[in-house]
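The values are calculated or read from the model by the stated rules, or taken from the named source; none is laboratory data. Keep in mind that what you see is a predicted model, and the values were worked out from it rather than measured. In this analysis, Cβ positions are derived from the backbone assuming ideal geometry, glycine residues included, and neighbour counts consider all displayed protein chains.
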C-alpha cells in the first residue's frame, strides 16, 4: 500500500525515527484541501502511542480538509544543514502516513490536550491545566494514527557513522 524507500542505505531505523518524533516540536501536516489542492500546514504536535496529536480552531481550512478526507501525512525535519562546498544538504527527517480524525469524545480530547501541553510546559502543571480549562470548549484535538513511517538521512551522515 505504501511505497518502499528507494535509497535504503539512508533509511533510519524505527527507533531513530521515533526519537526524532519525540524530540522535535514542529512539523508539517499535509491533507487534501479545497478543490483537491494539497494543503500543508506547519504546527506543534506531540507523538504518543503511535499517534500524532495536535490542536486547532473549531473551524477553518484544516478542519474542513480533515472532515473531507481521513488520509494525511506529517513531516518532521530534525536537521537541515546546507553544505555549500559540497552542493548538498545534510538532512534527517521523518514522514508518517495515516488516518486523521477530530476527537469527539471529551475524555479522549482531554487526555490528548494534556499530553500535548505537558510536552511544551512540563514543569508548569497548574498553569497548563488552567490554560486547558480556559480553551477546552473553543478548540479541537486532532489525532493522526500512524499506518506507515519512514525516516531518512543524507548519505553523508550514513557514511559518517561508519
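Numerical summary
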quantity: Test set (1) in a strand (DSSP E or B); (2) under 11 Å from the mean Cα position of the chain (by Cα) - residue 80 fails condition number; calculated: (2)
quantity: Lone qualifier among 63, 52, 31 - being in contact (Cβ under 8 Å) with a residue 40 or more places away in the chain, part of a helix (DSSP H, G or I) and either surrounded by 13 or more Cβ atoms within 10 Å (Cβ to Cβ) or more than 11 Å from the chain's Cα centre (by Cα) (or both); calculated: 63
quantity: Flag if residue 89 is in a strand (DSSP E or B), under 21 Å from residue 21 (Cα atoms) and modelled with pLDDT of 95 or more; calculated: no
quantity: Residue in the range 131-138 that is out of contact with any strand residue (DSSP E or B) (no Cβ under 8 Å at 6 or more places or on another chain), more than 22 Å from residue 16 (Cα to Cα) and surrounded by 15 or more Cβ atoms within 10 Å (Cβ to Cβ) present; calculated: yes
quantity: Residue in the range 67-81 that is free of Cβ contacts under 8 Å to residues at least 40 places away in the same chain, out of contact with any helix residue (DSSP H, G or I) (no Cβ under 9 Å at 6 or more places or on another chain) and at positive phi present; calculated: no
quantity: Residue selected from the range 14-28 under the condition part of a helix (DSSP H, G or I) and touching a residue at least 24 places away in the same chain (Cβ under 8 Å), by the criterion nearest to residue 114 (Cα to Cα); calculated: 22
quantity: Test: residue in the range 107-122 that is part of a strand (DSSP E or B) and either on the phi < 0 side of the Ramachandran plot or surrounded by fewer than 18 Cβ atoms within 10 Å (Cβ to Cβ) (or both); calculated: no
quantity: Residue tally, condition in contact with a strand residue (DSSP E or B) (Cβ under 7 Å, 6 or more places away or on another chain), without any contact (Cβ under 8 Å) to a residue 12 or more places away in the chain and in a loop (DSSP other than H, G, I, E, B), over the range 38-49; calculated: 0
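Rundown of residues vs (1) farther than 23 Å from residue 56 by Cβ; (2) touching a helix residue (DSSP H, G or I) at 6+ places or on another chain (Cβ under 6 Å), yes/no style:
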residue	(1), (2)
84	yes, no
92	yes, no
103	no, yes
127	no, no
137	no, no
142	no, no
150	yes, no
154	yes, no
159	yes, no
